[in-house]
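This report refers to the structure that appears directly beneath it.
The values are calculated or read from the model by the stated rules, or taken from the named source; none is laboratory data. The shown structure was predicted, so the numbers you read here are calculated from the model rather than taken from an experiment. All Cβ positions, glycine included, derive from the backbone under ideal geometry; neighbour counts span all protein chains shown. Surface areas here come from the heavy atoms of the whole protein model, side chains and all, with no ligands, DNA or RNA. Shrake-Rupley method; radii C 1.70, N 1.55, O 1.52, S 1.80 Å.
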Amino acid sequence: MTLNDYASRVNRRLNEIPAVIADDRFEIGEMPGLLSRSMRYSLEAGGKRLRPSMLLAAVDMLGGDTTDALDFACAVEMIHTYSLIHDDLPGMDDDTLRRGRPTNHVVFGVGQAILAGDGLLNVAFETMLNHACAHPEGATRYLAAIREIATGAGVTGMIGGQVMDLHCERAGIADERALAYIQYGKTACMFIHPLRAAAMLCGAGEDDAKALADYGRAFGLLFQATDDLLDVTGTQADMGKTLGKDAESGKLTCISAYGLEGTRARVAQLHSEALEALSRFGDRADFFRELVDAMVDRTK
Ligand code: GRG
C-alpha cells in the first residue's frame, strides 16, 4: 500500500463522519448544518493525511487489522485539522490561507471557526469511543490507543507545544531548549502517539511501540525542520499557506536557531535516526523508510 492508498481509505471513511446535514432545521438531537459545513470545509480542503496514513501503515506492518484501525486514523486527522483551524485564528498564527483555501475563520467567522475546531476534536473522541463500544471484545486495546492519541494531542504534547510557541514569541525567548520543547510537543507528538496507538491496536509489545515512537520523534522533528526550511525556500502554490511569516514575526524556528545550513544538517541527522529506529522491523518497514526519504526533499 502507498501513502495515496491509505489516504484514500481515510478520505472515504471521513466522508461518513460527521453526518452531513444540509439545513439548519433546529431538529433536537441533530448537529447544526452550519457546524457540519464548517467542520467539513477544513477537513475536505485537502491535506496530505500523513498522520492517519502512518497509523494505518504501522498497523499493516505489525500484522493488525487496518479496517479495525480506520476510525482511530480518522480521529487523528480530525484532531490535526482542528489544530490547524485554531492555529490560523487571529489570536494565534493569524493566517488567511491554509490547504490552498481561505482559512476557516475567514469564511465562517472567528466564533464559528473555534466551534468547528471544538467539534472536530469532540467528534474524534466520539468516533473512537463509538468504535470501542461497538466492539467491546477489543476494549482494552482501544482504550490504550485512545489514551495515546489523547496524550499526543494533549497538554504535554500538541497543546503544550503550542502554548510555549505562543509564549516564547510574546516573551522573546529564543533558546534551543525552548525550540526543542515546542517542536517536540507541537509537531512530533502528533506522529509519536498515533504510531504508538497503532502498536496498542495490534496488542504489540513495548519494544515495538518504542521503536515506532523513536521513528515518530525523528520523523516529526525532521518534518518540522523541513517545514521551517520551506517557509524560506518553498512556494505558496506548493505549500498552500502563506510563507515567509516566521522570519517576519521573529518566530523561534530551526532557521533562527541553526541557520539554513545548520537546519539541513539537522534534517540529515534526523533522517538517519529515523532509519535506525526501523531496524528491528526489517523490510516490513519499507513504507516508513520511503516516507522519511521523501520528506527530506519535500516541496509541500
Ligand atoms: C491549536 C492546540 C493547537 C495546536 C496547533 C498544528 C499546529 C499546532 C500548528 C500549525 C503550525 C505548524 C507549523 C505546525 C507544525 C506541524 C505542521 C507542519 C503542520 C502542518 O501539517 P501538514 O503539512 O498539513 O501535514 P496537511 O494540511 O497536509 O495536513
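If you go through region 180-201 and pick out every residue that is in contact (Cβ under 8 Å) with a residue 24 or more places away in the chain and within 16 Å of the ligand (Cβ to nearest atom), you end up with 14. Restricting attention to region 175-200, the residues being of a type in the set (D, E, K, R) and closer than 15 Å to residue 221 by Cα number 3. Pairs are defined by a Cβ separation below 7 Å, a sequence spacing of at least 6 or placement on different chains, a first member in region 249-269 that is within 20 Å of residue 165 (Cβ to Cβ), and a second member that is open to solvent by 60 Å² or more (accessible area, probe 1.4 Å) and in a loop (DSSP other than H, G, I, E, B); the pairs so defined are 252/174; 256/174. For region 22-72, the set of residues classified as charged (D, E, K, R) and within 16 Å of the ligand (Cβ to nearest atom) consists of 40, 44, 48, 49, 51, listed by residue number. Of everything in region 250-300 that is assigned to a helix (DSSP H, G or I) and of a type in the set (Asp, Glu), the residue that is surrounded by the most Cβ atoms within 10 Å (Cβ to Cβ) is 273. With respect to the conditions (1) outside any helix (DSSP H, G or I); (2) in contact with a helix residue (DSSP H, G or I) (Cβ under 6 Å, 6 or more places away or on another chain), residue 132 falls short on a single one, namely (1). Residue pairs whose Cβ atoms lie under 8 Å apart, separated by 6 or more positions or on different chains, with the first residue in region 150-179 and under 21 Å from residue 77 (Cβ atoms) and the second open to solvent by 60 Å² or more (accessible area, probe 1.4 Å) and within 13 Å of the ligand (Cβ to nearest atom), are 153/159; 161/184; 162/92.
Count of region 124-170 residues, restricted to those that are away from the ligand (no atom under 14 Å from the Cβ), surrounded by 20 or more Cβ atoms within 10 Å (Cβ to Cβ) and among the charged types (D, E, K, R), is 2.
Among the conditions (1) in contact with a Gly (Cβ under 7 Å, 6 or more places away or on another chain); (2) surrounded by fewer than 20 Cβ atoms within 10 Å (Cβ to Cβ), the only one that residue 233 does not satisfy is (1).
Checking region 237-251 against the condition returns a match, with at least one residue being touching a strand residue (DSSP E or B) at 6+ places or on another chain (Cβ under 7 Å) and farther than 24 Å from residue 153 by Cα.
The residue that is nearest to the ligand (Cβ to nearest atom), counting only those in region 204-236 that are part of a loop (DSSP other than H, G, I, E, B) and under 17 Å from residue 284 (Cβ atoms), is 204. Name the single residue that is nearest to the ligand (Cβ to nearest atom) among those in region 78-101 being hydrophobic (A, V, I, L, M, F, W, C) and more than 14 Å from the chain's Cα centre (by Cα). Ranking the qualifying residues of region 78-101, first place goes to 92.
Condition check: more than 12 Å from the ligand (Cβ to nearest atom), assigned to a loop (DSSP other than H, G, I, E, B) and open to solvent by less than 70 Å² (accessible area, probe 1.4 Å). Does residue 173 satisfy that? Answer is yes for this residue.
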